[in-house]
Amino acid sequence: MSQVVLIAVGVDWDGRRQILAVEMANRESRSAWKDFLVGLKARGLRGVELVVSDDHAGLVAAIGEVIPEAAWQRCYLHFLRNALDRSTDD
């Protein structure tokens, strides 16, 4: 059975990265991401100012529901990969 791994990485003001959570899910859906983010908040996640992710519609919707105070930005690397994939399709 295929599963996905949901991962959250935080960056503090000193630029240090820390893995905040890693969870398995049956699929990468809005509800899976929402449950994941709600779990992070229940564990004490606060003060989120910016979320950087790929442009998965379910993830973006879950961020808006659970962390509405945070700005969202599309990951530049994912953006470039998508653009390069499209340019090689021709």
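May I ask you to list the residues in the range 53-74 that are assigned to a loop (DSSP other than H, G, I, E, B) and either loosely packed, with under 14 Cβ neighbours inside 10 Å or β-branched (Val, Ile, Thr) (or both)? Those that are assigned to a loop (DSSP other than H, G, I, E, B) and either loosely packed, with under 14 Cβ neighbours inside 10 Å or β-branched (Val, Ile, Thr) (or both): 55, 67, 68, 69. Of all residues in the range 37-52, exactly one satisfies the criterion of being part of a helix (DSSP H, G or I) and either loosely packed, with under 12 Cβ neighbours inside 10 Å or modelled with pLDDT under 85 (or both), namely 42. Among the numbered conditions (1) at positive phi; (2) touching an Asp or Glu at 6+ places or on another chain (Cβ under 8 Å), the only one that residue 15 does not meet is (2).
Across the range 8-19, not a single residue is classified as surrounded by 13 or more Cβ atoms within 10 Å (Cβ to Cβ) and either part of a helix (DSSP H, G or I) or more than 11 Å from the chain's Cα centre (by Cα) (or both). Residues that are in a helix (DSSP H, G or I) and not hydroxyl-bearing (Ser, Thr, Tyr) within the range 20-36 comprise 30, 32, 33, 34, 35, 36, listed in sequence order.
The values are calculated or read from the model by the stated rules, or taken from the named source; none is laboratory data. Bear in mind that the values here come from a model prediction, so they are computed numbers and not experimental data. No Cβ is skipped: glycine too gets one built from the backbone with ideal geometry, and neighbour counts run over all protein chains shown.
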